[in-house]
Amino acid sequence: MRKTSLKAYQSITLESKQTQWAKITRCLAKHPDGLTYDEIARKIRHEPVQVARRMAELVNGKIIVNTKQTRPTRTGRAAMVRKIK
């Protein structure tokens, strides 16, 4: 990981992460079939990169799971659909 990326990651407070985790999990709870990070970002009005980072943390924390589905993002790339565990 680059030093600038590491510093940016470390600058995010736990409280900020917890707020984002809560928004993401509330959003996913309303969509039992799951959503991509891009779909969640649109719904909670966050930047897709912010949501993508928090999604990885939530998967690692076993709060949400990856499904075998993918859907295209706004840019046309395939993104994993995730849902509440």
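The values are calculated or read from the model by the stated rules, or taken from the named source; none is laboratory data. Computed from a predicted structure; not experimentally measured. Please note that ligands, DNA and RNA were not included when accessible areas were found on the heavy atoms of the full protein model with its side chains. Shrake-Rupley method; radii C 1.70, N 1.55, O 1.52, S 1.80 Å.
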For Lys23, solvent-accessible area (1.4 Å; no DNA, RNA or ligand), Å²: 70 Å²
Structure-derived P(r) over Cα pairs in 10 Å bins from 0, in percent: which label, when the choices are (i) 15, 39, 35, 10, 1; (ii) 15, 30, 25, 16, 9, 5, 1; (iii) 17, 52, 27, 4: (iii)
Structure-based [θ]222 nm, the chain - -39500 (n - 2.57) summed over DSSP H runs of at least 4, per residue, nearest 500: -16500 deg cm²/dmol
Per-residue ³J(HN,Hα) for region 23-29, Karplus 6.51 cos²θ - 1.76 cosθ + 1.60, θ = phi - 60°, Hz, x for Gly and Pro: 4, 5, 5, 4, 5, 5, 4
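For region 41-85, what % of the accessible area comes from carbon and sulfur atoms, probe 1.4 Å? Spell out each step's value before the answer.
Values: 1560 of 3200 Å².
Carbon and sulfur atoms account for 49 percent of the accessible area of region 41-85.
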